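The values are calculated or read from the model by the stated rules, or taken from the named source; none is laboratory data. No experiment lies behind these values; they were computed from the predicted model shown. When we count neighbours, we look across all protein chains shown, and the Cβ atoms used for this are built from the backbone with ideal geometry, even at glycine.
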Amino acid sequence: MLKIYDLDTARQTILRRIPPQLSTYPSAVLESTERIFGPGTTPPHSVATILASIREEGDAALKRWSQTLDKVHLDVFNVPTEELAAAYNSLPDSLSQALNASASRVRAFHECQPIPSWETQALGGILGQRFTPIEHVGVYVPGGTAPLPSSLLMSVIPAQVAGVRQIAVCTPPNPNPLILAAARLCNVDRVYQIGGAQAIGAMAFGTQTIPQVDKIVGAGNLFVTLAKQQVYGIVGLDGLAGPTETMVIADEDANPQWVAADLLAQAEHDILAKAILLTPDDSLARRVQVAVAQQVENLSRADIIAQSLPQLGGIILTPDLKSAAAIANEYAPEHLCLSVAQPWNLAQEIKNAGGIFYGENSFEVLGDYIAGPSHVMPTGGTARFASPLNVLDFVKLSSIIALDKSTTENLSPIAAQIAQAEMLTAHAAAAEIREA
């Protein structure tokens, strides 16, 4: 099930990065898309069709797509607050305590993050930067093949810490009570049962019943990611989170059973999920290969793993750990797990990763649920320039420019000279008029 690759072969196969809009999509995805939208329709084209109809028709298009794609007839989209409360109150005590513990750690972590507004008088008058919260944020919470209340906590709580005034949650129709309970735990009362690309369109454009937001955050499947790409600029985005991926670097001291379990935990998310092991130790590679085959037999989502792991996952033999770190930097994984004897030393070599998990005690599943940082992290190689979801995603920066009179008198001739060089005479005049 889990192939072992040499480095050259891996570079031509599982390490290749292909943007979502250029991907060779799995046959099942293409067949489903063409069945609904017509022969030759690709996922990006189908998403563009959905978004255009929502922009033009609003709620009517949402109802039509919910019927077509989700096989659900919806008269209203919002989930009553009474249902949120009922879902939370129906939780078993142990699960309620677990969700509260997760929420508490996520909130505590993000409250430690500084939001550094500042001012200086060293340049004449007052200059600085001021951070203010974004007013309206939309959070997408996946719910297709598995309910993910953790994703709601990991997206909503950093927004609340930042001071966002209005938060709307979209999740697929007939939402799982766990997601509704998580919304209630976070005191979010605007929950809409709309999923997929149509949810992104509703939040981006606004409809008769769903208000437009300023920024959309949250992980999602291929179609959610494509929709977020296509509405960027109309609204802000946290990034393109999904499909998910994990890369593990392991040495001869790593526990093969634990490494296998970590790879399988990622592979069960989605048929497009990626789980890759880098190791210089051939013996460990083969023991992990065996452990994966043994463990998968007992997992409920083995059918998904059977598609994702052989096609997109694998074990790559590297010359040494330093080479593995270099490969990780090129790949820029969402999650990078350092299952090595000296993780802090190896981490000095890492430049590109959404989350770095130091040692086998800090395994990635803890990051998914309760460690503290948001589990919404950059995927698809975007960790080269993007960051995990955090408080700064929910604020924007304004420059403060309050120059005193003497500074203005000194700077105006300089500004006018540059403006004249750029042949912008109105700019120059606006500076020169103040010299008179």
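Residues in region 361-375 that are touching a strand residue (DSSP E or B) at 6+ places or on another chain (Cβ under 7 Å), under 12 Å from C337 (Cα atoms) and not in a helix (DSSP H, G or I): F363 only. Taken over region 245-258, residues that are surrounded by fewer than 22 Cβ atoms within 10 Å (Cβ to Cβ) and part of a loop (DSSP other than H, G, I, E, B) amount to 4. Among the numbered criteria (1) crowded, with 24+ Cβ neighbours inside 10 Å; (2) at negative phi; (3) not acidic (D, E), which single criterion is violated by G196? The number of the failed condition is (2).
Applying the set (1) within 19 Å of M154 (Cα to Cα); (2) of a type in the set (A, V, I, L, M); (3) assigned to a loop (DSSP other than H, G, I, E, B) to I216 leaves exactly one unmet item: (3). Only residues that are exposed (fewer than 12 other Cβ atoms within 10 Å of the Cβ) and outside any helix (DSSP H, G or I): list them for region 411-436, please. If the condition is that a residue be exposed (fewer than 12 other Cβ atoms within 10 Å of the Cβ) and outside any helix (DSSP H, G or I), then E422, M423, I433, E435, A436 are the ones that fit.
Scanning region 312-327 for residues that are in contact (Cβ under 8 Å) with a residue 60 or more places away in the chain and within 24 Å of the chain's Cα centre (by Cα) yields L312, G313, G314, A325, I327. Restricting F109, F131 to residues that are closer than 14 Å to Q160 by Cα and at pLDDT 95 or above narrows the list to F109.
Does H375 qualify as being surrounded by 15 or more Cβ atoms within 10 Å (Cβ to Cβ) and modelled with pLDDT under 95? Talk me through it step by step, then tell me what you get.
Numbers: surrounded by 15 or more Cβ atoms within 10 Å (Cβ to Cβ): yes; modelled with pLDDT under 95: yes.
Spelling it out, H375 is indeed surrounded by 15 or more Cβ atoms within 10 Å (Cβ to Cβ) and modelled with pLDDT under 95.
Name every residue in region 248-276 that is hydrophobic (A, V, I, L, M, F, W, C), closer than 14 Å to S308 by Cα and in contact (Cβ under 8 Å) with a residue 60 or more places away in the chain, in order of residue number. Lay out the reasoning, then the answer.
If we filter region 248-276 for residues that are hydrophobic (A, V, I, L, M, F, W, C), which is where we start, we get 248-250, 254, 258-261, 263-265, 267, 271-273, 275-276.
The next check asks that each one be closer than 14 Å to S308 by Cα; those that pass are 263-265, 267, 271-273, 275-276.
The answer is L263, A265, I271, L272, I276.
Which residues, taken from region 381-391, are more than 14 Å from S155 (Cβ to Cβ) and in a helix (DSSP H, G or I)? Hits for region 381-391 are T382, A383, R384. Looking only at residues of region 24-52 that are hydroxyl-bearing (S, T, Y) and without any contact (Cβ under 8 Å) to a residue 60 or more places away in the chain, we find that the one that is farthest from Q212 (Cα to Cα) is S27. Only a single item in (1) surrounded by fewer than 16 Cβ atoms within 10 Å (Cβ to Cβ); (2) in contact (Cβ under 8 Å) with a residue 40 or more places away in the chain is not met by A383, and it is number (1).
Against the criterion of being outside any loop (DSSP other than H, G, I, E, B), in the same structural domain as L91 (by TED's automatic domain parsing) and under 29 Å from I271 (Cα atoms), L180 qualifies. Restricted to region 205-244, and to residues that are at pLDDT 95 or above and touching a Pro at 6+ places or on another chain (Cβ under 9 Å), which residue is nearest to G355 (Cα to Cα)? Going through the qualifying residues, I end up with V217. Suppose we filter region 141-176 for residues that are touching a helix residue (DSSP H, G or I) at 6+ places or on another chain (Cβ under 7 Å), part of a helix (DSSP H, G or I) and closer than 26 Å to P243 by Cβ; how many remain? Result for region 141-176: 8. Based on this model, can you work out whether P149 counts as touching a strand residue (DSSP E or B) at 6+ places or on another chain (Cβ under 6 Å), within 20 Å of D70 (Cβ to Cβ) and not hydrophobic (A, V, I, L, M, F, W, C)? The answer is no for P149. If you check E364, E330 for being in contact (Cβ under 8 Å) with a residue 40 or more places away in the chain, of a type in the set (D, E, K, R) and buried (at least 18 other Cβ atoms within 10 Å of the Cβ), only one passes: E364. Taking the numbered list (1) assigned to a loop (DSSP other than H, G, I, E, B); (2) in the same structural domain as M247 (by TED's automatic domain parsing); (3) within 19 Å of the chain's Cα centre (by Cα); (4) not aliphatic (A, V, I, L, M) in turn, P378 passes all entries but (2). Number of residues in region 184-213 that are over 20 Å from R165 (Cβ atoms) and in a loop (DSSP other than H, G, I, E, B): the value is 4. Candidates are the residues of region 333-361 that are closer than 26 Å to V139 by Cα and of a type in the set (A, V, I, L, M); the one that is surrounded by the fewest Cβ atoms within 10 Å (Cβ to Cβ) is I356.
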